[in-house]
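In what follows, a structure is listed as structure tokens, so that the remarks can point back to it.
The values are calculated or read from the model by the stated rules, or taken from the named source; none is laboratory data. Remember, predicted model here, so these are calculated numbers, not experimental data. Neighbour counts run over all protein chains shown; Cβ positions are idealised from the backbone, glycine included.
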């Protein structure tokens with residue numbers, strides 16, 4: 001049985017390099033990506049979708065949920081890292097390296113707090129996966145995906161360096177053996193028109 005770890009489809013915030021707000025909707029390109037993702041994965045025996053409750057993640061998950069008789073659950077633990085007062089600000093206008101390990105955004109999460117939360121999110125993922133007979137799809141955000149790959153799956157550095165966490169990228173994980181990852185950050189379901197490598 002498999003866990004499909006997915007990053008949400010594109011938003012204008014992704015394309016314009018803006019620290020995102022919780023209610024940021026999908027862009028026109030993102031809607032296209034979500035549709036292509038859903039078409040590619042609707043054949044899978046997914047019994048449950050576990051999604052971040054942020055708008056962009058739920059919208060991407062719903063594109064698949066409409067085609068499937070699945071249970072859809074929301075989890076606050078799967079939210080993107082909280083950058084507090086920096087949300088809504090363009091990266092170019094922030095003087096600090098917001099991804100530095102020692103940086104804590106005003107009114108936001110430190111790197112350490114974020115890692116702890118993602119650890120709790122992953123434990124919830126495993127619990128949901130074990131309680132389901134079918135396969136589980138987890139819809140979340142780019143930094144959450146990267147944290148799971150580095151802190152939980154502990155993928156080798158060389159493998160991580162080649163991981164391109166694009167919008168709607170899919171990582172396939174064996175729920176009984178998380179070292180078994182036959183698919184890493186795959187976006188082969190996207191057409192050339194829908195694919196966009198901007199974060």
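Screening 64, 77 for residues that are outside any loop (DSSP other than H, G, I, E, B), under 21 Å from residue 137 (Cβ atoms), under 16 Å from the mean Cα position of the chain (by Cα) and touching a residue at least 60 places away in the same chain (Cβ under 8 Å) leaves exactly one candidate, 64. Scanning segment 123-143 for residues that are over 27 Å from residue 13 (Cβ atoms) and outside any strand (DSSP E or B) returns 123, 126, 127, 128, 129, 130, 131, 132, 133, 134. Summed over segment 59-79, the residues that are at pLDDT 95 or above and either buried (at least 22 other Cβ atoms within 10 Å of the Cβ) or under 22 Å from residue 15 (Cβ atoms) (or both) give a count of 6. For segment 38-61, a residue qualifies if it is touching a residue at least 12 places away in the same chain (Cβ under 8 Å), out of contact with any helix residue (DSSP H, G or I) (no Cβ under 8 Å at 6 or more places or on another chain) and not in a strand (DSSP E or B), and the qualifying residues are 39, 40, 44, 45, 54, 55, 58, 61.
Residues of segment 80-131 that are touching a residue at least 60 places away in the same chain (Cβ under 8 Å), buried (at least 18 other Cβ atoms within 10 Å of the Cβ) and more than 19 Å from residue 21 (Cα to Cα): 125, 128, 129.
For residue 20, the conditions (1) farther than 28 Å from residue 192 by Cα; (2) outside any helix (DSSP H, G or I); (3) in contact with a helix residue (DSSP H, G or I) (Cβ under 9 Å, 6 or more places away or on another chain); (4) touching a residue at least 12 places away in the same chain (Cβ under 8 Å) are fulfilled apart from (1).
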